[in-house]
Amino acid sequence: MIKKAEIIDQPYSGQYKERIYDISSPWNSGNWTWIKFENEDFKEWCGEFRGSPKGVALSKKFNNILVLTSDYLYQINCLSGELVEYESQSVYQNITVTPLGDFIIADYYCIEKIGSTLKEKKLLDIPIEIDGIHFKHWSENILTITCEEFLNTDKNVEMELDSETLEITIKDVI
């Protein structure tokens, strides 16, 4: 069972046992993302994913890992390391997992919660229209998010997402 996943630079040949997760498509970029996985027995191995790296998140609640690249959103099973499903994408920019194990993903304008499959998405309510969403850090069950007010690049907004209620509130407008 996979217990840890992190983005790394391209490893040296033979440094890790490697597994390629490639999706056949004429629209694929020539870029790759490398994720180092660590199993519960502390054995490390590497997954190679099509697209430039954007993020990785592991949920013990769902026993799944989501790998976000510029080309795809991949769902990997923690128990088997198998690709469960994927979604072609070019809009998602950020991914994280709540302390409760729920996946949170964002494009430029929207924030969604993903359940146990990529098809289980719930759009979260945001109090104002925003652009350029960036997940900053978790403090307990609160995720700090920065963005800009939509069509007003001079107004930077800091918001907070409560992982228990999934409520987003404005903390500060700069």
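Coordinate-derived values only; no laboratory data. None of these values were measured; they are calculated from a predicted model. Reconstructed Cβ throughout: ideal geometry from the backbone, glycine too, with neighbour counts over all protein chains shown.
What is the dipole size for segment 91-174, taken about its Cα centre, with +1 at each Lys and Arg Cβ and -1 at each Asp and Glu Cβ, in debye to the nearest 20? Spell out each step's value before the answer.
Values: 7 positive and 17 negative charges, 66 e Å.
Charge dipole, segment 91-174, about its Cα centre: 320 debye, nearest 20.
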Gain upon complete extension [SER13, ASN31; 0.36 nm per residue less C-alpha separation]: 4.8 nm
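Only four residue types carry charge here, +1 at the Cβ of Lys and Arg and -1 at the Cβ of Asp and Glu. Report the dipole size of segment 1-89 about the Cα centre in Debye, rounded to the nearest 20.
Values: 10 positive and 13 negative charges, 42 e Å.
The dipole of segment 1-89 has a size of about 200 debye.
For segment 1-128, state the semi-axes of the equivalent ellipsoid (square roots of 5 times the eigenvalues of the alpha-carbon gyration tensor), sorted largest first and rounded to whole angstrom.
Equivalent-ellipsoid dimensions as semi-axes: 24, 18, 12 Å.
Magnitude of the Cβ-charge dipole of the chain, K/R +1 and D/E -1, about the Cα centre, nearest 20 debye?
Working: 17 positive and 30 negative charges, 126 e Å.
The dipole of the chain has a size of about 600 debye.
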Proximal aspartates and glutamates relative to LYS122, as straight alpha-carbon distance under 13 Å, when same-chain residues fewer than 8 apart are discounted: ASP102, GLU112, GLU167
Label-point separation, ASP154 to ILE20 (7 Å along Cα→Cβ), nm: 5.2
Loop-located GluC sites (Glu not before Pro) in segment 55-163 whose Cβ has at most 15 other Cβ within 10 Å (DSSP): GLU82, GLU120, GLU129, GLU140
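Based on DSSP loop calls and a cut-off of at most 12 other Cβ atoms within 10 Å, the longest stretch of the chain free of exposed chymotrypsin sites (Phe, Trp or Tyr not before Pro) is what? Mind showing how you got there, number by number?
Working: sites that count: TYR12, TRP27, PHE42.
The reported range is 43-174.
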Where only C-alpha atoms are counted, convex hull volume of segment 91-174 per residue in Å³: 83
Per-residue HN-Hα couplings for segment 124-134 [Karplus 6.51, -1.76, 1.60; θ = phi - 60°; Hz; x = Gly/Pro]: 8, 6, 10, x, 9, 6, 10, 9, x, 6, 9
